[in-house]
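Report on the structure given below.
The values are calculated or read from the model by the stated rules, or taken from the named source; none is laboratory data. Quick caveat, the model's predicted, so the values are computed rather than measured. Cβ sites come from the backbone with ideal geometry, for glycine too, and all protein chains shown count toward neighbours. Heads up: the accessible areas ignore ligands, DNA and RNA and are worked out on the full protein's heavy atoms, side chains in. Shrake-Rupley method; radii C 1.70, N 1.55, O 1.52, S 1.80 Å.
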Amino acid sequence: MKILVVDDAKTHLQYIAAILTNLNHEIMTATSGKIALELFSLSKPDLIILDVNMPDMNGFELAKKIRQIESEWIPIIFLSGIIDDKNIEEGINAGGDDYLFKPSSEIAIAAKIKAMQRIYDMKNKLNILSKTDPLTEISNRLQFDIIIKKMIAEHDSTHYSFVLLFIDLDNFKMINDNFGHQVGDALLKEVAKRLKFCLRIGDFVARMGGDEFSVILKEMESKEMLSLIVKKIQKVISTPYSINKKTFCINTSIGIACYPADGASVSMLLQNADIAMYHAKTMGKNNFQFHSTMQNSQFKQKIQLESDLHFALEKKEFFINYQPMYDLKMRQLVGMEALLRWNHPRHGVLSPDLFIPIAEESGIILPISEWVFEEICKQANQWDLNKISNFKLSFNVSPLQLLKKNIPEIFENYIKANHLSSSLFEAELTETI
């Protein structure tokens, strides 16, 4: 431990310092409260031993000042020739933790310090555990917040910038769902090891939760150099994994935000890196994207559209266009394709390309798709399409619909309710299947 000993009696100060040095502790000494405060500010100790009776500032006053300037609790042991109830109460109220009688024997000092060493070791262990992700054994979200705040504070004096990478594993949920959490956990551990391998001295990596990681990179010489590092990370992580005698491959989508250009606060920087990561996924995954103001605008539009989608059915904003299908040889109508459209109250009629992917991501596609089939059944009934031989009315089916076990029964109920033949309908699978 690093121990600060404060005593105006130099002989006693040297006596205690010698004992503590023999116990392999790092010792700092001060003969007054003023010097002690200066040493404390320059090099924060793990333990402080204070003489109570000093001329310029007594031990109780010094302890109070230390408690005022330091938020982290550092143990304080008072040295005093008089240890009675009044002294003990005053010392504890001043912020002290224990007492040593002055003069103390070498055995008494060693025993007291060993007890403090145990507390110190336990405190360090708990501190490490609180800042470490228990699964991957790399830093956790708490430690990430501490480090990034520290780097922002350092920037104020050094003006060195840094880069934040927000990393998400592509299709990790599929591996977890199909092979179990044991395999998923083993994969996350290996990814964490590989991320650490990719980083330089001074860089930082943390698991943010689930399959998301953050990396803080020291100042980059150029955007090209940064791109090379990100490509290296993606290449290393995409190398196949062997878990339980099975081979797995996983790719990453990475969002990049630079401090301070892409955000002057932790929340803004993280948000912009997250948005950039989202755009990397929309580019086909296994990709990386730098943050841009255009991305922010697109992301906000997506969030707003998703919010509006929740009320579109209730407000009857959807309608269906029917695209005719002709047999050119026979010169006759042989079918129609039902196409969903959204008459947005502010943006007008929107193409499905704009809102269907959002509806599928959020799960809103399920009630919308059921409404579509109900509507086309009603329309087919009104048009009496059963009477046209070999006529087909096609409609799109979302992958999420196919995952519902009761989807055949849902179709059957609407068909029967409208007295139609099931052979009239043709389901088309969207490309995302």
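Table for the structure above
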{"item": "Verdict on residue 89 being without any contact (Cβ under 8 Å) to a residue 24 or more places away in the chain and more than 14 Å from residue 2 (Cα to Cα)", "result": "yes"}
{"item": "Residue within the stretch 329-350 that is β-branched (Val, Ile, Thr), at pLDDT below 90 and open to solvent by less than 70 Å² (accessible area, probe 1.4 Å) present", "result": "no"}
{"item": "Boolean, residue 223 is out of contact with any helix residue (DSSP H, G or I) (no Cβ under 7 Å at 6 or more places or on another chain), within 25 Å of residue 298 (Cα to Cα) and modelled with pLDDT under 90", "result": "yes"}
{"item": "Residue 174 vs. criteria of a type outside the set (Lys, Arg) and over 26 Å from residue 263 (Cα atoms)", "result": "yes"}
{"item": "Per-region count, the stretch 93-106, residues crowded, with 16+ Cβ neighbours inside 10 Å and of a type in the set (A, V, I, L, M, F, W, C)", "result": "2"}
{"item": "Condition check for residue 246: under 16 Å from residue 193 (Cα atoms), among the charged types (D, E, K, R) and at pLDDT below 95", "result": "no"}
{"item": "Matching option when the condition is open to solvent by 60 Å² or more (accessible area, probe 1.4 Å), at negative phi and touching a Phe, Trp or Tyr at 6+ places or on another chain (Cβ under 9 Å), among 385, 354", "result": "354"}
{"item": "Filter result for the condition that a residue is among the hydrophobic types (A, V, I, L, M, F, W, C), open to solvent by 40 Å² or more (accessible area, probe 1.4 Å), in contact (Cβ under 8 Å) with a residue 12 or more places away in the chain and touching a Lys or Arg at 6+ places or on another chain (Cβ under 7 Å), over 290, 319", "result": "319"}
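Residue-wise test of (1) open to solvent by 60 Å² or more (accessible area, probe 1.4 Å); (2) touching a helix residue (DSSP H, G or I) at 6+ places or on another chain (Cβ under 6 Å); (3) under 21 Å from residue 138 (Cα atoms).
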| site | (1), (2), (3) |
| --- | --- |
| 172 | no, no, yes |
| 180 | no, no, no |
| 186 | no, no, yes |
| 231 | yes, no, no |
